[in-house]
Amino acid sequence: MKKNMIVALAAMTLWTGANAQNPVKLPTAKQEGGMPLMEALHKRHSERTFSNKAISDATLSQVLWAACGINRKDEKRITAPSAMNKQDIVVYVCRKEGAWKYNAQQHSLEPVCKEDLRKYVAGRQEAVAEAPIMLVLCSDHTKFGEVGSSQYDIMGALDCGYVSQNIALACTSLGMNTVPRMTMDQDALRKALNLPSTTQLLINHPIGYPEK
Ligand SMILES: Cc1cc2nc3c(=O)[nH]c(=O)nc-3n(C[C@H](O)[C@H](O)[C@H](O)COP(=O)(O)O)c2cc1C
């Protein structure tokens, strides 16, 4: 009981801090254990239904770290390979309380807005907006220098695919459902997240525990 209260208070602290528009440090991600990789590959599949069970900050921290967190601190390199090591993929976290940008180098969340953007992420697949967390993956083309080259479009899409698969395997390992989706209301999200034209919205991941 006492332990549950402490966990609940810690979670409240994190999201209250985030709502105050300050970057919020995520708990250190557990980087061991979980399901063996071969079992996760065996079990990975797309699911489009989610229970409303909350996802803890510790679990979100693990998923974001698996997505594109730092795995070699000295070199500032990440869990996903990245064309020319440009680390162009930006992950936005959308939940009921608002939206945050994941800062991989700091393993923190930077508040973006207080609006629930999940309906925009769901787009015409309205039912997936039930997921407590939706991650939106974008490629920041300014990382490549010159903008507008089809070569950079390909690099951004490939980099995004690696991050997306990391998310899918992490969710499988942690017993959660997800699906990679290109469907979303791009215009509404671009506006709400204040994305410049040099940022490409590529794919999203609704995430949640399976329905009973
Ligand atoms: C690039 C890409 C875009 C996708 N877009 C959507 C989508 O918009 N909506 C959706 O429900 N599923 C989407 N999917 C999921 C696929 O439908 C799914 O991966 C496919 O049916 C194979 O099923 P599996 O993931 O269970 O193996 C997408 C998958 C990829 C790789």
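Rule-based calculations on the coordinates, nothing more; no lab input. Small disclaimer: the values here were computed from a predicted structure and weren't measured. Note: ideal-geometry Cβ built from the backbone for every residue, glycine included; neighbour counts use all protein chains shown.
Amide H to amide H, with H built 1.01 Å from N, ILE78 comes under 5 Å of ASN71, counting only residues 5 or more places away or on other chains. What is the sum of charges, Lys and Arg at +1 and Asp and Glu at -1, for the other residues whose Cβ falls under 15 Å from the Cβ of ALA168? Residues near ALA168 contribute +2 overall. Taking every DSSP helix (H) stretch of at least 4 residues in the chain, weighting each as -39,500 (n - 2.57) and dividing the sum by the residue count yields a mean residue ellipticity at 222 nm of -10500 deg cm²/dmol. Here the label points at ASP187 and SER46, each 7 Å from Cα along the C-beta direction, are separated by 2.5 nm in the simple model. Roughly what percent of Cα-Cα pairs across the chain reach past 30 Å? Roughly 17 percent, once rounded to a whole number.
Between SER108 and LEU26, ASN103, the built amide H atoms are under 5 Å apart, and every one of these is 5 or more places off in sequence or on another chain.
Applying 0.36 nm per residue to the separation of GLN151 and GLU97 and subtracting their alpha-carbon distance, the gain on full extension is 15.7 nm. In order along the stretch 111-119, the Karplus-derived 3J(HN,Hα) couplings, from 6.51 cos²θ - 1.76 cosθ + 1.60 at θ = phi - 60°, round to x, 10, 7, 9, 8, 7, 8, 4, 5 Hz, and Gly and Pro are given as x. Taking 25 °C and 0.890 mPa s as conditions, the stretch 91-212 diffuses translationally at an estimated 166 µm²/s according to Stokes-Einstein applied to its Kirkwood radius (Cα pairs).
Around the amide H of GLU115, modelled in the peptide plane, lie the amide H atoms of ALA99, all under 5 Å away and 5 or more residues distant in sequence or on another chain.
So how far, in whole Å, is the C-alpha centre of the stretch 134-212 from the one of the stretch 61-80? Centre-to-centre distance over Cα atoms comes out at 16 Å.
Computed from phi, the 3J(HN,Hα) profile of the stretch 177-184 under the Karplus parametrisation 6.51, -1.76, 1.60 (θ = phi - 60°) reads 8, 7, 8, x, 9, 8, 5, 5 Hz, with x in place of Gly and Pro. Within a straight-line Cα-Cα reach of under 23 Å, LYS143 can be paired with the following lysines, leaving aside sequence neighbours fewer than 8 residues apart in one chain: LYS73, LYS76, LYS86, LYS101, LYS191. For the stretch 115-161, the Stokes-Einstein estimate of translational diffusion at 25 °C and a viscosity of 0.890 mPa s comes to 195 µm²/s, using the Kirkwood hydrodynamic radius over alpha-carbon pairs. For GLU130 and ARG72, the difference between the fully extended length at 0.36 nm per residue and the C-alpha to C-alpha distance is 17.4 nm. Taking a cut-off of 13 Å between Cα atoms, list the aspartates and glutamates near LYS96, but don't count ones fewer than 8 places away on the same chain. Here the aspartates and glutamates satisfying the reach criterion relative to LYS96 are GLU115, ASP116, GLU130.
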